[in-house]
């Protein structure tokens, strides 16, 4: 994830981070959680948007912000350890997202890339499906926080 994300956001002076997910569902709220944590860092040139379960609602604000890169954050079943954060390629989107969205995220990403004219990247965050009604365990939460620090460092150094 590190090299790919560094390459994708390198040189972006205006970066949009979009949190996606249903905050009432533990296994789907991770995109919103990570976006909120990034927002608390007040990184220069990074603006955070919260799309919730309707990522298409964010296209207008993104158009007005005119980012050079958009980073979407969403829960995704990647078969990894809970708390893992990874770049999801365009061909992997449909199979891995924990979709509670009205419009498929791939459609929104294609629209943002084509109509707004900016690069997009999807970061998936692995939830714990062994206990989908619960938040991450303390150990998995620490692992997520470690991965979040890695992402934050990349955004800070871009």
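The values are calculated or read from the model by the stated rules, or taken from the named source; none is laboratory data. All values reported here derive from a predicted model rather than from experimental measurement. Using ideal geometry, Cβ is built from the backbone for each residue, glycine included, and neighbour counts are taken over all protein chains shown.
Key figures
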item: Criterion: under 22 Å from residue 37 (Cα atoms), at pLDDT 95 or above and buried (at least 21 other Cβ atoms within 10 Å of the Cβ) - qualifying residue of 136, 97, 122, 105; result: 122
item: Every pair of residues 6+ apart whose Cβ atoms lie under 8 Å, when the first sits in segment 17-44 and is on the phi > 0 side of the Ramachandran plot and surrounded by fewer than 22 Cβ atoms within 10 Å (Cβ to Cβ) while the second is assigned to a helix (DSSP H, G or I) and modelled with pLDDT under 95; result: none
item: Positions within segment 71-84 being crowded, with 24+ Cβ neighbours inside 10 Å and either touching a helix residue (DSSP H, G or I) at 6+ places or on another chain (Cβ under 6 Å) or free of Cβ contacts under 8 Å to residues at least 40 places away in the same chain (or both), in sequence order; result: 73, 74, 75, 76
item: Every pair of residues 6+ apart whose Cβ atoms lie under 6 Å, when the first sits in segment 120-132 and is closer than 14 Å to residue 147 by Cβ while the second is assigned to a strand (DSSP E or B); result: 123/73; 123/85; 124/76; 124/86; 124/88; 125/75; 125/85; 127/75
item: Residues being assigned to a helix (DSSP H, G or I) and more than 16 Å from residue 156 (Cβ to Cβ) - total across segment 8-33; result: 7
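A quick yes/no check of all residues on (1) within 16 Å of residue 124 (Cα to Cα); (2) modelled with pLDDT under 95:
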{"position": "19", "(1), (2)": "yes, no"}
{"position": "36", "(1), (2)": "yes, no"}
{"position": "45", "(1), (2)": "no, no"}
{"position": "49", "(1), (2)": "no, no"}
{"position": "83", "(1), (2)": "yes, no"}
{"position": "89", "(1), (2)": "yes, yes"}
